[in-house]
Amino acid sequence: MDRTGKIILIASVLLLLGAPVLQTMFGPKGQPVPEPGSEQNATSVTDTPPVIGLAPEETATNNPADSTNAAPVTPSTPTTPTTVEPVVEETTATLENEFVKFTFTSQGGGVKKVELKQFPKEIGEEVANAGPVEMNLDRGRLPLMAFEPRTASSVDRNPTADRPYPAAGSVYSISHTHSNVVMTATFGDWQVRKVFTLAADYQLQTQVTVSNTSTNSLGEADFYLLSGTANEPLNASRMMGLNFGTMWFNGDEESKVDQGWFDNKPLGCMCIPGGEPRNNYEAGQGNVEWLGAYSRFFLQAVIPAEPGSAVSVHEFRLNPLSDTEAEAVGTKVKNNQMAWETAMSIKVPSLAPGTEKTFSYTLYTGPREYDRLKAIGAANGGNQFYLLMDFGKWFGWVAEGLLRLMKWMEPHLGFLNSLKVSSWALSIIVITLFIKLIFWPITAKSTRAMKKMAQVNAKMMPEITKIREKYKNDYQKMNTKMMETYQKYGVNPLSQIGGCLPMVIQIPVFFGFFTMLRSAVELRGSEFLWAADLSAPDTIAEIAGFPINILPLLMTGTMFLQMKLQPVAPNMDPTQQALMKYMPLMFVVFFYSASSGLCLYWTVQNVLSIIQTKMTKVDPDEDNKVEVIPPGKKRKAT
């Protein structure tokens, strides 16, 4: 590659690295922040102090009546409930245990905020100082466990389509005791009563009772139960990626709904122009065993006692942050923050006057911890709740094994914590070393063969160079002469593929590490020397808004050194050699905003490969053992 090509390549890499920063600085600013009281801001829930110890209110309940006494369904009886307009005033109540605190709101009749008391909001701080991690259902998001009637007869997937249920949320009355919260709302002839009760760790048991308060029978009606909202995280910049999504389980397999489905690009590739964006996803045929919305480390999910009818996921943009709000959370992403709201479709059967139907649910709002999720799934009929870890279908078993190994090692490796090397970082290094030792014999054999080939190449390359120069305009003749030269020196070009075997074998391990490290909450806040958090990039400073991350640079440098030590295949043309030589520059683009834990694994892997290449020796006299076969002769059998 000439000097101009190198300049263009380096400039392209720098442009790719700096594109998110340039977009943040000079890109469109989005819509202005709505003023308080404006129509756009009317759906936002205001944080008000929780009302503790509200006097319990008498809530009307109806006992099921004998079906033989039921009144006939009249044509004027509506089968779809109507909502009550929300009022300005908000009533709140709370329930909490040692793991979690739920704040309930009368606007929408659900959970408006979840505080995870075991996890500090700021990395490296104590919960007592920084406060707990919060899941806020505001800025246009409906509260968890809101129960809203269906308002659309069919699913509208147009990019500007609204939810298939009311966006404002209905108004509920609240009664509160020390052990539960009860909410009641009326939808025409229907009455909905919810009872929330704390369960183990991060779980909340919910009973939703729908009653017919009229004198006529009511036909079937569809409601939606809000099970969570996945949204783009409030990171320092969009360079840290979009690690959020939704999943649901139909009893046989999980389905993931993310940006690819909504963008609907040709071939599923975001970089290809075209496609018809979609706004509402709906699937399921009475087989929804769980539905979840997740961020990188935390999760909101609902498990119904009876399978739900269908799944609904609605894409929208959160209300913008003001400059003050953005500064308070340390983010540059103030507008166009993407969100996916998940809801479970519930079919309420026809009810006679005075009868009711009760639905039971388990709400989980907590960390994505594999063992905890697996235990919850086992307690709910073995519904594979652990699939919300999103380890993937192909290499999930590898990710699970690596996570179990890391969790087993971690308690035994805490002796370096005082040196800013957490036991989790040391676990990554030890596992990488262990994997390298397993593959050492295969890699050593391949390296030895490549070094021998390099000795052959030293004798053969002058002839190959002459052939390429002499027949540069006749590729067919060039290939024929090169094959004759390979045969003369006993070289099989296809044997070069064997040098890639160790790398191919380790691909499952790499993808296993990648999927495991991106969602392992155990790494959150774990240190490694200058890296304060292994779950995030190891940014040590910023220059004009561009983060300086050390581990991706070390990873790239070790990759350059590793490739320099590898012998060049004789049949590789100069263009291919140049591409291989500068391939690490593409890796720095892909991994620059990756977690420092993943970059640590790759860097250690590169260093161990360099050491192995240096340690692998061949016979020093091998150079003199290269057998040249004259034309017309055959190589002797050995």
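The values are calculated or read from the model by the stated rules, or taken from the named source; none is laboratory data. In this text, all values refer to a predicted model and were calculated from it rather than measured experimentally. Note that we place each Cβ from the backbone using ideal geometry, even for glycine, and neighbour counts take in every protein chain shown.
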Extreme residue, nearest to Q612 (Cα to Cα), among residues of segment 451-482 that are β-branched (V, I, T) and in contact (Cβ under 8 Å) with a residue 24 or more places away in the chain:
V456
Single residue of segment 295-328 satisfying the filter (charged (D, E, K, R) and not in a helix (DSSP H, G or I)) that is surrounded by the fewest Cβ atoms within 10 Å (Cβ to Cβ):
E306
What about L116, is it farther than 23 Å from V208 by Cβ and at pLDDT 90 or above?
yes
Only one of A161, A200 is assigned to a loop (DSSP other than H, G, I, E, B), free of Cβ contacts under 8 Å to residues at least 24 places away in the same chain and out of contact with any His (no Cβ under 7 Å at 6 or more places or on another chain). Can you tell me which?
A200
Look at segment 350-379 and say how many of its residues are within 22 Å of L198 (Cα to Cα), in contact with a Leu (Cβ under 7 Å, 6 or more places away or on another chain) and not in a strand (DSSP E or B).
3
V155: in the same structural domain as N264 (by TED's automatic domain parsing) and surrounded by 21 or more Cβ atoms within 10 Å (Cβ to Cβ), yes or no?
no
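Looking at P567, P547, which is the one that is modelled with pLDDT of 80 or more and either not assigned by TED's automatic domain parsing to the domain that holds Y370 or not in a strand (DSSP E or B) (or both)?
P547
In this structure, is G377 assigned by TED's automatic domain parsing to the domain that holds G219, crowded, with 16+ Cβ neighbours inside 10 Å, at pLDDT 80 or above and of a type in the set (G, A, S)?
Values: assigned by TED's automatic domain parsing to the domain that holds G219: yes; crowded, with 16+ Cβ neighbours inside 10 Å: yes; at pLDDT 80 or above: yes; of a type in the set (G, A, S): yes.
Judged against the criteria, G377 is a match.
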Tally, over segment 120-152, of residues that are surrounded by fewer than 21 Cβ atoms within 10 Å (Cβ to Cβ) and within 24 Å of R524 (Cα to Cα)
15
Counted residues, segment 174-190 - those being surrounded by fewer than 19 Cβ atoms within 10 Å (Cβ to Cβ), over 37 Å from the mean Cα position of the chain (by Cα) and at pLDDT below 90:
2
When every residue in segment 67-111 that is part of a loop (DSSP other than H, G, I, E, B), more than 25 Å from E356 (Cβ to Cβ) and not charged (D, E, K, R) is compared, the one modelled with the lowest pLDDT is V87
Considering segment 230-253, residues that are assigned to a loop (DSSP other than H, G, I, E, B) and aliphatic (A, V, I, L, M), and then whichever is modelled with the highest pLDDT, we arrive at L234
Number of the condition not met by L416 [criteria: (1) within 35 Å of the chain's Cα centre (by Cα); (2) at pLDDT 85 or above; (3) surrounded by fewer than 18 Cβ atoms within 10 Å (Cβ to Cβ)]:
(2)
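Go through the residues of segment 326-341 one by one and say whether even a single one is modelled with pLDDT of 95 or more and under 19 Å from the mean Cα position of the chain (by Cα).
For segment 326-341, residues modelled with pLDDT of 95 or more and under 19 Å from the mean Cα position of the chain (by Cα): absent.
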Among the residues of segment 110-162, write down those that are more than 15 Å from T229 (Cα to Cα), under 25 Å from the mean Cα position of the chain (by Cα) and of a type in the set (K, R).
K117, K121, R157
Out of G392, G382, I need the residue that is outside any helix (DSSP H, G or I) and free of Cβ contacts under 8 Å to residues at least 60 places away in the same chain. Which one?
G382
